[in-house]
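Q: Okay, here's the structure, questions in a sec.
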Amino acid sequence: MQDVKQGSFAEDLGLNRGDVILEVNKQPVNSPDDFTKIEASLKSGQDVVFLVRPRGARTQDGTIFLAGTLP
């Protein structure tokens, strides 16, 4: 579990500590290593879409999309 840094892109999108990122730009995230690899491939000005299970939500509660353009 990671903290969301104040003033970061993640905070701007509305990600919170405890949210589970399931996909980034339709690429599955099954581990912190998966996220790190995807993050390394992203470039400034690129549109990014996260599929997220909000903190405390169960699998059957559903997911949300959070999107933005990298600064």
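Where a number appears in this text, it was derived from the coordinates with a stated rule and is not lab data. These figures come from a predicted structure and were not determined experimentally. A quick note on method: Cβ atoms are made from the backbone with ideal geometry, for glycine too, and the neighbour counts reach across all protein chains shown.
Q: Under a crude label model (7 Å from the Cα following the beta-carbon direction), how far is R17 from D3 in nanometres?
A: With each label placed 7 Å out from Cα toward Cβ, I get 0.7 nm.
Q: Normalising by the residue count of the stretch 11-71, find the relative contact order in percent from Cα pairs under 8 Å and 6+ residues apart.
A: Across the stretch 11-71, relative contact order equals 39 percent.
Q: Right, next: Please list, in chain and number order, the residues 5+ apart from G18 or on another chain whose amide H is under 5 Å from its amide H, with Hs placed from the backbone.
A: Q2
Q: Show me the trypsin sites (Lys or Arg not before Pro) within the stretch 11-64 that DSSP assigns to loop and that have at most 12 other Cβ atoms within 10 Å of their Cβ.
A: Listed in order of number, the matching sites are R17, K26, K43, R55, R58.
Q: Let me ask another. Output the 0 to 90 degree angle, nearest 10, between the alpha-carbon long axis of helix 32-41 and the longest principal axis computed from the alpha carbons of the chain.
A: For 32-41 against the chain, the angle is about 30 degrees.
Q: Fewest Cβ neighbours within 10 Å first, please rank S8, S31 accordingly.
A: S31, S8
Q: If I compute P(r) over Cα pairs in 10 Å bins from 0, in percent from the structure I just sent, which labelled value in (1) 19, 58, 21, 1; (2) 19, 44, 27, 8, 2; (3) 22, 44, 23, 10, 1 lines up?
A: Label (1) holds the value from this structure.
Q: Still on this structure: Taking the beta-carbon count within 10 Å as an exposure proxy, list L42, L70 from fewest neighbours to most.
A: L70, L42
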